[in-house]
Amino acid sequence: MENSFNGMSPEEIQRAYDISLKKRNARHDKMKEQAEAMQPTKATLLIGIDPGTHTGIAIKEHGKFYIIGTMQIYKAIETVVCFCEGVNSTDILVRFEDARLRTYFGKSDREKLQGAGSVKRDCAIWEEVLTEYKIPFQRIHPRYVKATTAEQFKTLTGWHGQTSIHAREAAWLIL
């Protein structure tokens, strides 16, 4: 019976195992951190952002959605800053899907990879703006953002307005 160690010494096998274990533990720690980030919060003003060419934005205050839509990045930034003006920072939380946390893109063609780079730049812009205005935020890994159909979203939230996939993903961050 053949094994997959291909002539490796016991020390090499142990070293490979230790490296594998260390990587697994690092992934586990990241997943735990993300799961904790998505926990309910005491903030009364919650804002979800899905960065991209069509920026999804959702704003919920005291449990009620005020905005679920899609807009250009500069308008979304302006909207967030205006909503947060005069609100105690302990009552605010912005969550945005951060494409920079994604490490695997599969066998994508050049255009998709360029698009991913563009979204990563948008994520950096959001982080810069929120830091500059001292608005509390959490970066959320894309694996925790659920895509829903318009019908699923209506059932889940009760929101009957028209929504795009980007708007629904932004809202998902603050449900």
Next on the checklist: Apply the Karplus curve 6.51 cos²θ - 1.76 cosθ + 1.60, θ = phi - 60°, to the phi angles in the range 154-162 and return the couplings in whole Hz, x for Gly and Pro.
Outcome noted: 4, 5, 6, 10, x, 6, 9, x, 5
Next on the checklist: Among 148-155, 42-49, how do they line up by average Cβ neighbours within 10 Å per residue, starting with the highest?
Outcome noted: 42-49, 148-155
Checklist entry - For the range 74-83, in order, what is each residue's ³J(HN,Hα) by Karplus, 6.51 cos²θ - 1.76 cosθ + 1.60 with θ = phi - 60°, in whole Hz (x at glycine and Pro)? => result 5, 6, 5, 4, 4, 5, 4, 4, 5, 5
Checklist entry - In terms of solvent-accessible area of protein heavy atoms at a 1.4 angstrom probe, what is the ranking of CYS82, CYS123, highest value first? => result CYS82, CYS123
Next on the checklist: I'd like the Karplus ³J(HN,Hα) series for the range 140-147: coefficients 6.51, -1.76, 1.60, θ = phi - 60°, whole numbers in Hz, and an x wherever there's a Gly or Pro.
Outcome noted: 10, 5, x, 5, 9, 9, 9, 7
Next on the checklist: Which entries of LYS75/LYS134; LYS134/LYS154; LYS42/LYS154; LYS23/LYS146; LYS42/LYS134; LYS120/LYS146 have Cα-Cα distances beyond 28 Å here?
Outcome noted: LYS134/LYS154
Checklist entry - What length, rounded to one decimal in nm, is gained on full extension from TYR17 through to GLU127, with 0.36 nm per residue of separation minus their alpha-carbon distance? => result 35.9 nm
Checklist entry - So who's got an amide H within less than 5 Å of the one on ILE67, skipping anything under 5 residues away but keeping other chains? H placed 1.01 Å off N, in plane. => result ILE59
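The values are calculated or read from the model by the stated rules, or taken from the named source; none is laboratory data. Remember, it's a predicted structure, so these values are computed and weren't measured experimentally. Every residue, glycine among them, receives a Cβ derived from its backbone with ideal geometry; neighbour counts consider all protein chains shown. Just so you know, the surface numbers come from the protein's heavy atoms only, side chains and all, with ligands and any DNA or RNA stripped out. Shrake-Rupley method; radii C 1.70, N 1.55, O 1.52, S 1.80 Å.
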